[in-house]
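One structure below.
The values are calculated or read from the model by the stated rules, or taken from the named source; none is laboratory data. Just so it is clear, the model here is predicted, and its values are computed rather than measured. Cβ: placed from backbone, ideal geometry, glycine included. Neighbour counts: every protein chain shown.
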Amino acid sequence: MAKIDSSTFGSITIDGKRYEYDVYIFPSGKVEEREHGHTFTEEEVEHILKENPEVVIIGKGTSGMAGLSSEARALLEDKEANTPDIKDKFNQLSETKKVAAIIHITC
């Protein structure tokens, strides 16, 4: 499973690799680029659910400005938080559960 090392405005470091774009993290540990945007769509949530995670965490950006569309929200329990605040939760949950994340790295 992937581990989030740190997150700052405009970047996130996962397993020692720095990404300067929004990302998906899959339960398998695969990290994939997410097209930049301030609204997480139903299609994005469906994409992350393909690996059947037990938990999905949404990183809403450094100051929490990004959010779920109403269609995307309907697919998930409310698991969104400001991106810097998800590191410990993601890492802790991934020790015992299949965790996925959609993470916005700016605003």
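Below is a table of values for the structure above.
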item	result
Members of the range 86-100 found to be at pLDDT below 90 and either under 12 Å from the mean Cα position of the chain (by Cα) or more than 13 Å from Ala2 (Cα to Cα) (or both), listed by number	Ile86, Lys87, Lys89
Residues within the range 65-107 that are of a type in the set (Gly, Ala, Ser), touching an Asp or Glu at 6+ places or on another chain (Cβ under 8 Å) and either assigned to a loop (DSSP other than H, G, I, E, B) or within 18 Å of Pro27 (Cβ to Cβ) (or both), tallied	2
Some residue of the range 18-26 being in a strand (DSSP E or B), out of contact with any helix residue (DSSP H, G or I) (no Cβ under 8 Å at 6 or more places or on another chain) and among the charged types (D, E, K, R)	yes
Among residues of the range 13-27, those that are surrounded by 12 or more Cβ atoms within 10 Å (Cβ to Cβ) and over 20 Å from Cys107 (Cα atoms), counted	3
The range 61-75 residues that are β-branched (Val, Ile, Thr), paired with ones that are surrounded by 16 or more Cβ atoms within 10 Å (Cβ to Cβ) (beta carbon under 9 Å, 6 or more apart)	Thr62/Ser7; Thr62/Asn82; Thr62/Thr83; Thr62/Pro84; Thr62/His104; Thr62/Ile105; Thr62/Thr106
